[in-house]
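So the structure is just underneath, and the comments pick up after that.
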Amino acid sequence: MSGRVFAVASGKGGVGKTTTAVNVAAVMAEADRSVVLVDADLGMANVDHVVACDESATATLHDVLADDAALTDATAAAPAGFDVIVGGTAITDFGRADPSALPDVAATLRDRYDCVIVDTGGGLSHDTTVPLGLADETVLVSTRQTAALANTAKTRALVERVGGHVAGAVVTRVTDDAGGADAGHGDAAATLQTDILGLIPEDSRVADSERAGTPLVSLAPESPAAQSYRELAYTLLDEPLPVSFRDGDASGDAASGLMAASAPSGAPTDGGSGAGAATGDDQTRDASILWRLTGGLLGSNGKR
């Protein structure tokens with residue numbers, strides 16, 4: 001087995017990076033993949049704040065990176081059918097962990113799982129840089145806040161500098177009105193200079209899922225954000241959304257209009273070549289089902 005490694009990264013904390021990583025892992029497991037989520041935020045490990053794992057782990061990733069434990073000792077099961085390499089939360093853990101051992105960890109996990117999701121630390125640091133260079137693809141996560149977009153653009157540049165590959169970006173907490181310090185969809189794509197893989201609407205069920213310790217896609221699978229996360233994960237798997245999650249009556253014009261607004265300047269949106277191109281059945285995953293149903297105007301909790 002030679003699994004794919006996806007790094008989930010952002011330019012700053014608080015933009016939904018870990019929530020994105022958790023839900024992508026859950027959907028990939030739902031798609032019958034063996035999946036492990038690695039809490040590689042060595043300074044502020046917090047996957048356990050988003051999803052409740054069992055207590056089978058007797059060590060942490062920090063112990064593994066300090067050569068004090070085996071990977072199996074730091075592996076726990078999450079409620080949605082995927083495994084988690086848990087991180088340490090003590091300040092002393094950070095000092096012991098050696099980020100240079102992460103490539104060996106990733107290589108071992110490639111042999112054990114179909115998909116390895118690495119939740120990186122926010123910002124720019126050595127322990128953040130290492131996962132970006134070893135991943136097959138990096139998914140950037142940002143809100144539409146101008147400062148968050150600018151910082152995430154720096155992360156994109158860093159990925160390219162270390163020889164990594166940016167799959168595209170996910171914009172979270174999207175509402176139907178952009179104002180103040182928030183950029184519009186087109187401006188967000190222009191700032192990040194990469195394809196927009198998904199738009200995750202503001203959704204109160206996200207907080208509910210974190211309180212419950214269950215991925216949103218499992219707790220509230222029909223919620224707006226859950227549907228968007230599901231489409232994102234299948235896009236990364238390069239597979240069409242299962243028929244049970246499609247909406248055949250959705251307007252193709254609405255989908256095309258939404259992605260045209262969010263694609264980088266010059267990127268193809270309804271044909272042609274390139275990562276942003278989509279034709280036929282692929283359009284079913286170009287934009288959130290509920291975004292298409294509302295002509296791209298979906299707001300918080302499915303309301304305008």
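What's the number of the only condition in (1) among the small types (G, A, S); (2) in contact (Cβ under 8 Å) with a residue 24 or more places away in the chain; (3) open to solvent by 10 Å² or more (accessible area, probe 1.4 Å) that G95 fails to meet?
(2)
When the residues of region 213-224 are filtered to those that are touching a residue at least 40 places away in the same chain (Cβ under 8 Å) and assigned to a helix (DSSP H, G or I), which remaining residue is nearest to D176 (Cα to Cα)?
P224
Cβ-Cβ distance below 9 Å, separation of 6 or more or different chains: which pairs start in region 32-43 with a residue that is within 12 Å of V105 (Cα to Cα) and assigned to a loop (DSSP other than H, G, I, E, B) and end on one that is open to solvent by less than 40 Å² (accessible area, probe 1.4 Å) and of a type in the set (D, E)?
Close Cβ pairs (under 9 Å, with a partner that is open to solvent by less than 40 Å² (accessible area, probe 1.4 Å) and of a type in the set (D, E)) amount to A40/D119; A40/D127.
Restricting attention to region 123-149, which residues are within 19 Å of R173 (Cα to Cα) and open to solvent by 40 Å² or more (accessible area, probe 1.4 Å)?
Matches in region 123-149: Q145, T146, A147.
K12 passes all but one of (1) part of a helix (DSSP H, G or I); (2) touching a helix residue (DSSP H, G or I) at 6+ places or on another chain (Cβ under 7 Å); which number fails?
(1)
If A59 passes every condition in (1) free of Cβ contacts under 8 Å to residues at least 40 places away in the same chain; (2) closer than 26 Å to L158 by Cα; (3) surrounded by 16 or more Cβ atoms within 10 Å (Cβ to Cβ) but one, which one does it miss?
Evaluating A59 over (1) free of Cβ contacts under 8 Å to residues at least 40 places away in the same chain; (2) closer than 26 Å to L158 by Cα; (3) surrounded by 16 or more Cβ atoms within 10 Å (Cβ to Cβ) leaves (2) as the failure.
The values are calculated or read from the model by the stated rules, or taken from the named source; none is laboratory data. Since the structure is predicted, the reported quantities are computational estimates derived from the model, not experimental observations. Cβ coordinates were reconstructed from backbone atoms using ideal geometry, including for glycine residues, and neighbour counts include every protein chain displayed. For the accessible areas, the whole protein counts, side chains as well, though only heavy atoms, and no ligand, DNA or RNA atoms are used. Shrake-Rupley method; radii C 1.70, N 1.55, O 1.52, S 1.80 Å.
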